[in-house]
Every structure is written in C-alpha cells, then in structure tokens.
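Quick note: the coordinates plus some simple rules give every number you see, no bench work behind them. Since the model is a prediction, treat every value here as computed from it, not as a measurement. With ideal geometry, Cβ positions are generated from the backbone for all residues, glycine too; neighbour counts draw on all protein chains shown.
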Amino acid sequence: MARVAVIGAGISGLATAVMLGRRGHAVTLFEQETRQAGEDLNRDFFHWNRPRVPQAVQPHSFLAPVRAVLRAEAPDVYADLLALGAREYHDFDWFGEHPPHRAGDEDLVTLRTRRIVLEAALTTAVRREPTVEVRRGCRVRALTFGEGRPARVTGVRVGEQTHRADLVVDASGRRSPVPGWLVEAGCRPPVVESHRAGIAYLCRWYRLRADGPRDPGRVQNGSAGPFALAGVFPSDNDTFAVNLVLSTADPTRGALTDPTVFEAAARRFPATAAWLSLAPEPRSPVLAMAGLDNRWTSLADDEGPVVTGLVNAGDSLVHTNPTLGHGVALGLLAAQHLAAHVDRIAADPAGYHAWTARALRPLFDAQVAADRANEQRLTESSPLPDRRAAALAACAFDDPVVMRARAQVRHLVRPADAAYGTEEVDQHVTAWLAARPDFEPRHDGPTRAQWNALVRA
Ligand SMILES: Cc1cc2nc3c(=O)[nH]c(=O)nc-3n(C[C@H](O)[C@H](O)[C@H](O)COP(=O)(O)OP(=O)(O)OC[C@H]3O[C@@H](n4cnc5c(N)ncnc54)[C@H](O)[C@@H]3O)c2cc1C
C-alpha cells in the first residue's frame, strides 16, 4: 500500500484520490480552498468566486474517455453524475434513429453537464473512501527532498508541518507552482513547452423556462463566421451556455462583454440563435476568459526523470486550450494510469513519463496544430476550407458513416488520419458531393460588416 499526497482537489486530484482509495492506498488530498462543491449546485456554480479555477464557470462537455474511465473505475460516481442531472448524448442521436451498430459505437457518447456537477459527484465519492483524507484550506507551500540523484521528493510542506509520502502527485492545475519549486531546489528544470493560443472565450449561461419552449429544432451546436465561432453547450438541469470564440486581437472583443451586444452577436449564428429563440432565462453575466495556452510540462528530460517521488497529472501536466474539449479526458486518463501503477511509479516515475509521452502527448500535439489553424482563420478573416474538406465536415451530418469517423476523432478513439482516411469514408464523401454539384464551402455566421454594425449599434 502506497502513501500518496495529492496537491489540488480539482477534477484531476479528486479523481486520482478516488481511484487510489479504491485500490486501498492511503491518500492525503490537499486543497487550498476551504469551500467544496456539492451542497447547492446552482449556488456553487453561479455564486462562488474562484479566481484560482477560472475555467470552472466556462462551459464544458465531456468526451468519451471521461465516461469510460468513470464507468470502469467508479460506476457509483457515474450514476451520481446522471442523478445530479448530467445527460448522455450519443453522436448518432443527431439522426434520431441510430445506424446499424458497429463495435465501439457504444462509446461515442458526450456527457453534457456543467463542470461543477462532476466536481460535486467526485467530492461526495472522496468522502466515502476510508483511506482518503481530504485537507481543505491547506495550501501546499513546498516539497521536501531526500538524498539521491536525481533528488527524491519525500513529501510536502503545509504551513509548519511536513507530510511524508511515497509519491506526491501534482494536480494543482495550470498554474502549478511545482516546476518553480523544483528549480529552486536545484533540480534539473522540467521541460515546458508552451504555445499561446490567441483565442478569447466568452460565454453566458441560460436556463430553459419550465413552461417555455424547449426544442431548438434540428440545429448543429456550432456555427462559424469568418472571424468568430459560436457554440451551444446544452448542460444539466435545463441549463445551457452560449459561447463565442474570437481572436484576442479582435477590436470588438471588449464590447462583447455587454450582455446586449453579446446576445445580438450570438443571434447572428444559426446554432446559438436557435437556442436563444427559446426565450431562456439568463443566469449569468458574460464570462470572458483569455490568456489560454497549450502547455506540456514534463518532469523528465533527455537524461530521465528530473526527480523521483513526484509526478504531475491533469492540467499541471498537460493544459490544452478548450476548443477540442480534451482537458478532463486527459486528466482522468492520467489519474487511472497512476492509480493502476502507483507502486511502480513511486519506485521510479520513468515508466509514467514514457506512458504520458505515448498516450497523451499526441493529443496535445493535435491541439497545438488545430489552434494554429484556428488562430490563423480568426485573425485573417478566414479563407474558406477547400471544397473536399468542407464537404467532409458537412457530410457527417447527413451520413452516419462519416459521422462515425468524426465522432471517433472527437472522442479521441482514433487519430484523424486513420478515421477519415478509409476508403469507405472517401466513397461516402465522393457520393455526397456528386449528389450536390453546387455545393460550395461557406460560413454560416455574420460577415465582418454585419458584425461591426451590430457591435456599433
Ligand atoms: C474556457 C475553458 C473551457 C473548457 N472546456 C472544457 C471542456 O469542454 N471539456 C473538458 O474536458 N475540459 C475543458 N476545459 C479544461 C478543464 O477545465 C481542465 O482540464 C480541468 O478543469 C483541469 O482540472 P485539474 O483538476 O487538473 O485542475 P484545476 O481544476 O485547476 O484544479 C487544481 C486545484 O488545485 C488547487 N491548488 C492549486 N495550488 C495548490 C496548492 N499549492 N495547494 C493546494 N491546492 C492547490 C486549486 O485550488 C484547484 O482546486 C476547459 C478549460 C477552459 C479554460
């Protein structure tokens, strides 16, 4: 049985603690915040000022690995999540009737919920674990080191106290202090790769009225203009978020924090207009978040681990800009791997670092590539994609074979080349195009002139 200290009770820290606790390991989970999620979801979500977890109020949807890991490791947490209002959406639900089943189709499910609901379910689960102790209001201030080369982390320092552990897990999020502590202690520096994503996120929360219309019709959840993207995040308990994404350099960005301007802009995109036409009740101001980046923090360099007795998981390991919604999936996959191999990782973290490079790093690289393309299109008033690429995207919503490929990519089941590069997908796209000789790529959002006019008005 390993003694594990986890820094940070966010989604990744909570999940790591639950999965370790279920294997009988002794876990101490340190969280600097005193408050915890779960007493009143709406109060926790709308009235909890969380400057250290700014993403908590932004819209989330959870990809297939989140559901798969929870159902495998903690089916009770998954059941709680659904009982609290999270909803499952299969990518084939778009068609009403699902196409004939193929192996793996059953996994192509998104969980639609606010992040707080998952946090609440995990918080409750952690309390049920007899070998997990949660210390809230306890900020880890430093690591303690033992002898060895590379140095061995032997525990954490909280206030005046030292807490010893066989393994320390840094799950302290995207602003982790741990790399700085390692450098201060004279360790070789962690290898950090960071790409600034020049993308600003703005969202506003709504709730469908109990006696109002509830069906937005058959509309996709995303729309694209030449310089802005719009999306809808249907969530738990009749809540949904409207989300606009644009370049941080866009001169109209500031004006969009005014709810009237935000809503007028969102009404120019089919996806968000359909949901706003349901006359929902606004539940929040416009919540903006910029300063997004993609960051990979490896605690190993070419010579091997820079320390032993310490690994990172969740955003402190891999932090991705949210356009692809990978964050929590990557956090839970790391938590699951850690829990399954903790004794070996405590003895030598090299295998964990190799696993993260093999299993998670390609997804980070895919996000970086997607963001380069996104940033270019948002700042350069996007050239339209070529006809074939646009057809591939549009065809998925008519053809289940192409939708399956799209869903496999989205849910991290297969890389894009493998999923889209089959003869079957190629034939279906060709047939779709042949049936639409006049098809041309186009944006369904407003032009720059329309946008500027509504912001000015
Ligand atoms: C705008 C936006 C939208 C997103 N949308 C999605 C999405 O749709 N789907 C998805 O899967 N992901 C999404 N993400 C990513 C997702 O939110 C993160 O991946 C996830 O919240 C990371 O969880 P975490 O537990 O690793 O870190 P955090 O949630 O940041 O938790 C870290 C915890 O550590 C605590 N802590 C920090 N330092 C200390 C210390 N020294 N001592 C004790 N405690 C400490 C903090 O208080 C905090 O509670 C989005 C992110 C953003 C920014």
At a Förster radius of 51 Å, what calculated FRET efficiency corresponds to the Cβ-Cβ distance of Asp426 and Asp40, to the nearest 0.05? 0.50
Ellipticity estimate at 222 nm from DSSP helix runs (n ≥ 4, -39,500 (n - 2.57)) divided over the chain, nearest 500: -10500 deg cm²/dmol
So what's the angle, to the nearest 10 degrees on a 0 to 90 scale, between helix 327-340 and the longest Cα principal axis of the chain? 30
Sort 97-103, 334-340 by packing, meaning the average of other beta carbons within 10 Å per residue, with the highest value first. 334-340, 97-103
List, in order, the whole-Hz ³J(HN,Hα) value for each residue of the stretch 160-176 obtained from phi through the Karplus relation with A = 6.51, B = -1.76, C = 1.60 and θ = phi - 60°; use x for Gly and Pro. 8, 8, 10, 10, 8, 8, 6, 8, 9, 10, 7, 10, 8, x, 6, 10, 3
Using only the C-alpha atoms of the chain, find the volume of their convex hull and express it per residue in Å³. 152
Neighbouring Cβ atoms within 10 Å as the yardstick, rank Val183, Val134 fewest first. Val183, Val134
Karplus-derived 3J(HN,Hα), 6.51/-1.76/1.60, for each residue of the stretch 51-61, Hz, glycine and proline x: x, 7, 10, x, 6, 4, 9, 7, x, 10, 9
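May I ask what percent, to the nearest 5, of DSSP beta bridges between residues of the chain are antiparallel?
On the way: 50 of 68 bridges.
Percent antiparallel among DSSP bridges in the chain is about 75.
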Each label sits 7 Å from Cα toward the beta-carbon; between Ala279 and Thr260 the label points are separated, in nm, by 2.1
Computed from the beta carbon distance with a Förster radius of 25 Å, FRET efficiency for Glu88 and Arg214 to the nearest 0.05 stands at 0.90
Rounded to 0.05, the calculated FRET efficiency for the beta carbons of Ala434 and Arg102 at R₀ = 22 Å is 0.35
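Which shape class, rounded, prolate or oblate, goes with the stretch 133-211 when its Cα gyration tensor gives a ≥ b ≥ c as root eigenvalues, a/c under 1.5 marks rounded, and past that a/b bigger than b/c marks prolate?
Verdict is oblate for the stretch 133-211.
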